1. What number goes with the only condition from (1) touching a residue at least 40 places away in the same chain (Cβ under 8 Å); (2) in a strand (DSSP E or B) that Ala372 does not pass?
2. Which residue pairs have Cβ atoms under 6 Å apart, sit 6 or more places apart or on different chains, and have a first residue in region 228-240 that is over 11 Å from Tyr285 (Cα atoms) and a second that is β-branched (Val, Ile, Thr)?
3. Would you mind telling me which numbered condition in (1) in a helix (DSSP H, G or I); (2) touching a residue at least 60 places away in the same chain (Cβ under 8 Å); (3) within 20 Å of Ala48 (Cα to Cα) Lys71 fails?
4. Taking the condition exposed (fewer than 10 other Cβ atoms within 10 Å of the Cβ) and either on the phi < 0 side of the Ramachandran plot or under 27 Å from the mean Cα position of the chain (by Cα) (or both), does Pro453 pass?
5. Any residue at all in region 216-226 that's part of a loop (DSSP other than H, G, I, E, B), buried (at least 23 other Cβ atoms within 10 Å of the Cβ), at pLDDT below 95 and among the small types (Gly, Ala, Ser)?
6. Any residue in region 263-289 that is not assigned by TED's automatic domain parsing to the domain that holds Asp248 sitting within a Cβ distance under 7 Å of a residue that is part of a loop (DSSP other than H, G, I, E, B)? List the pairs, counting only those 6 or more apart or interchain.
7. Go through region 237-278 and give me each residue that's closer than 17 Å to Ala72 by Cβ and hydrophobic (A, V, I, L, M, F, W, C).
8. When you scan region 340-388, how many residues do you find that are among the aliphatic types (A, V, I, L, M) and within 17 Å of Asp16 (Cα to Cα)?
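The values are calculated or read from the model by the stated rules, or taken from the named source; none is laboratory data. On a predicted model such as this, the values are computed, not experimentally measured, just so you know. Every residue, glycine as well, gets a Cβ built from its backbone with ideal geometry; the counts of neighbours run over all protein chains shown.
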Amino acid sequence: MDEYGNSGEGRATRRDEAVRAAVEQGLLGPDSPIVGLLDVTGIRESAAELRAAFAEVTAPGTPVLHAFAVKATPLVPVLRLLREEGIGAEVASPGELALARAAGLSPAETVLDSPAKTPAELREALALGIAVNADNPQELDRIDGLVRSAVSRSPLGIRVNPQVGGGSIGATSTATATSKFGVALRDEGAREWVVRAYLDRPWLSRLHAHTGSQGIPLPLMAQGVAETYALAEEINRRIGRPQIDTIDIGGGLPVNFASDVTAPTYAEYARALREAVPGLFDGRYGLVTEFGRSLLAKHGTIVARVEYTKSAGGRAVAVTHAGVQVATRTVYVPGSWPLRITAYDGKGRPKSGPEVVQDVAGPACFAGDLLAEGRALPLLDQGDYAAALDTGAYYFAHHYAYNSLARPGIYGFVPDHAGGVRFATVRDPQTLASIVAESGGAHAGALTTLHAPGSR
């Protein structure tokens with residue numbers, strides 16, 4: 001059991017009951033061979049743990065905004081649920097902002113971060129009063145022009161890269177020497193440029209940094225926050241007043257994909273930060289966080305029907321309906337993004353029996369489309385189900401349209417009062433008509449009308 005009672009064992013029990021109920025209620029079956037399931041109870045518990053962990057270390061009355069990184073699970077019902085649990089939204093595109101607004105998130109609950117904001121995006125955010133962190137000097141120049149032309153209520157800041165180093169996964173390390181994000185503080189002249197930017201702009205009131213995500217150890221995350229805090233202190237000291245009143249520490253808490261245990265916890269991270277950066281929590285600074293994967297990953301499951309089984313080279317192979325289209329990172333970079341797989345029988349019950357080394361394959365037409373390779377599991381048979389665990393973030397909501405495979409339906413679940421499971425639709429399964437429409441169906445003859453001069 002983790003620190004606030006969000007038991008891994010309880011999650012596993014709810015998951016097993018949900019898979020069985022999904023088969024019994026017809027959400028899973030021959031005609032709907034893949035679904036995404038979201039544990040609503042678990043999501044609520046994680047949100048409560050996040051709020052409690054930082055409430056424990058911050059001074060009473062400190063303004064704190066926990067803004068969910070929408071990129072992790074860009075689904076409107078998820079954002080609405082998190083809003084109900086006191087969690088805002090961190091957005092990084094016009095699409096993510098539209099999702100947050102559709103979920104009812106107010107400007108005060110929203111933060112815009114992106115390395116490629118257009119003038120139109122900036123103009124909209126400043127008109128709405130959404131907090132914006134400028135990624136680079138050119139973007140700050142654009143904001144200068146917008147601030148001069150119209151009054152804005154937006155809290156504004158600059159994103160910096162503390163350049164403290166990377167973790168075990170390069171693609172998710174955002175504080176390396178050459179990261180594309182933020183102003184690189186250790187580059188020649190960069191730190192002084194940041195200080196001068198605040199000295200020249202009394203309306204800059206925030207400082208933002210994000211050290212990384214999966215694969216970043218807690219001490220490195222804390223070091224990135226400590227560097228950011230030290231810069232805020234330096235700027236305020238140089239200005240002679242507390243112009244920076246809020247520090248945005250990003251998110252990035254890694255997730256344990258090896259078991260149902262939540263590790264590390266928000267409480268462990270918050271205490272590590274208090275030890276490394278005590279001044280951050282003494283009430284002089286408001287706080288913004290931007291957690292994503294750690295809020296949702298453990299509460300999502302992809303369940304796919306085994307369509308066929310076979311043997312190749314003496315190894316059993318289960319061909320399922322879940323592969324690269326829903327688990328892109330795992331299929332292409334399995335060493336960095338391994339997933340646990342659980343076997344269920346045709347009635348959705350956990351499967352027992354001797355473990356057999358086997359491959360769990362997806363439906364896409366290339367050899368590497370494997371959810372798991374050489375994995376020891378109870379032998380999967382035709383009509384069974386394979387479940388990919390910890391997939392509530394960056395998996396089934398990030399569809400990769402290989403082979404024009406349809407996006408699966410997504411359903412949230414809670415235990416009901418009669419010992420069963422109640423489901424709610426989060427996203428409908430994609431239809432074939434939608435696939436055709438997205439693939440230019442309305443313009444089928446467009447290219448046939450184009451001819452080079454003299455070609456006919």
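1. (1)
2. From residues that are over 11 Å from Tyr285 (Cα atoms), the pairs are Ile235/Val195; Ile235/Ile244; Asn236/Ile244; Arg238/Val195.
3. Failing condition for Lys71: (3).
4. yes
5. no
6. From region 263-289, no pairs qualify.
7. Ile249, Leu253, Val255, Phe257 - these are the residues of region 237-278 that are closer than 17 Å to Ala72 by Cβ and hydrophobic (A, V, I, L, M, F, W, C).
8. Of the residues in region 340-388, 7 are among the aliphatic types (A, V, I, L, M) and within 17 Å of Asp16 (Cα to Cα).
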